[in-house]
Amino acid sequence: MKKELEKMIDTSLATQFLGEVIGTAILIILGAGVVAGVSLKRSKAENGGWVVITLAWGLGVTMGVYVSGYMSMAHLNPAVTIGMALAGAFPWNYVLPYIIAQFIGAFIGATLVWLHYYPHWKATEDKPTKLGVFATAPAIRHFTSNFFGEALGTFILVFGLLSLGANSFSDGLNPLVVGALIIAIGMSLGGTTGYAINPARDLGPRIAHFVWPISGKGGSDWGYSWVPVIGPIMGGALGALGYNAIINGDFGMWFWVFAVLFILILILTMQLDKKKDLA
């Protein structure tokens, strides 16, 4: 963690901002791009399947980290940025610029995917399929399990990143290991919600879907959009605070605050599911 903070001092905020924009854009171009290739009609990759999607998302993260790692901390994810700050591995005054950069990068990446697959939107009739290129949606809409799943996946991501940081790897190998972690989360836990595990990855492209005149698009499903934002933030925070609690024995105030908040949100989602079942 000390080395990471030293790097923050050696690199200007403007350079780090640019790194997060470019890295997140690459992540979305390759991640949303594979979903488009597998899902949209008349694509040569059509029906490639879940394994192809999870592999490409993991490699997309790896490439995004390689591209941005010499400019920024290569978080590419607001949940990671917030989690690292809570863990004491990232300065709080850099959190907001990083998050803004990540959302800008995600929006740019999604826009480029829309342009790249331009004729395929018209060839594809199913509106949810088109939205699925940009944003996640649950296999079964159950807010409690959907929120829990996004939080669990991001908990493992941030806990895993902090654990990886405690190990020694050969120069240049770390992004590959991070990509492998993303692949493992996607293959193991991603089938329920599409594993956003990243607020910028979901909300940035969802906004792009809402804004751009995509041929035959439907609604942007704003009723679900809070789940892949709040879930990852809560999971990332608990992953970082849980790491400090389990590994370092640091059960600070924020650990209990986020633990209680997580339970309260679960109770709220249960009430939402009850209302949905009665409707």
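The values are calculated or read from the model by the stated rules, or taken from the named source; none is laboratory data. Predicted model only: the values in this text are computed from it and were never measured. With ideal geometry, Cβ positions are generated from the backbone for all residues, glycine too; neighbour counts draw on all protein chains shown. When the accessible area is computed, the model is the full protein with side chains, heavy atoms only, and any ligands, DNA or RNA have been set aside. Shrake-Rupley method; radii C 1.70, N 1.55, O 1.52, S 1.80 Å.
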What's the carbon and sulfur percent of the chain's accessible surface, probe 1.4 angstrom, rounded to a whole number? 69 percent
Starting from the Cα of W226, step 7 Å along the direction of its Cβ; do the same at V52; then give the gap between the two resulting points in nm. 3.6 nm
Please list 3J(HN,Hα) in residue order for region 191-196, calculated via the Karplus relation 6.51 cos²θ - 1.76 cosθ + 1.60 where θ = phi - 60°; whole Hz, with x for glycine and proline. x, 8, 10, x, 6, 4
If the label point is 7 Å along Cα→Cβ of K276, which residues in region 181-205 have backbone nitrogen under 13 Å from it? 193
Residue-ordered couplings for region 24-30, obtained by feeding phi - 60° into the Karplus form 6.51 cos²θ - 1.76 cosθ + 1.60 and rounding to whole Hz (Gly and Pro as x), are 5, 4, 4, 4, 6, 4, 6
What list of ³J(HN,Hα) values in whole Hz, one per residue of region 261-273 in order, does the Karplus curve 6.51 cos²θ - 1.76 cosθ + 1.60 (θ = phi - 60°) give from phi, with Gly and Pro shown as x? 4, 4, 5, 4, 5, 4, 4, 4, 5, 4, 5, 4, 5
So what does S145 come to for accessible area, using a 1.4 Å probe and Å² rounded to 10? 60 Å²
The correct ranking of E125, E46, E20 by accessible area at 1.4 Å, largest first, is E125, E46, E20
How large is the accessible surface per residue of the chain, computed with a 1.4 Å probe and reported in Å² as a whole number? 46 Å²
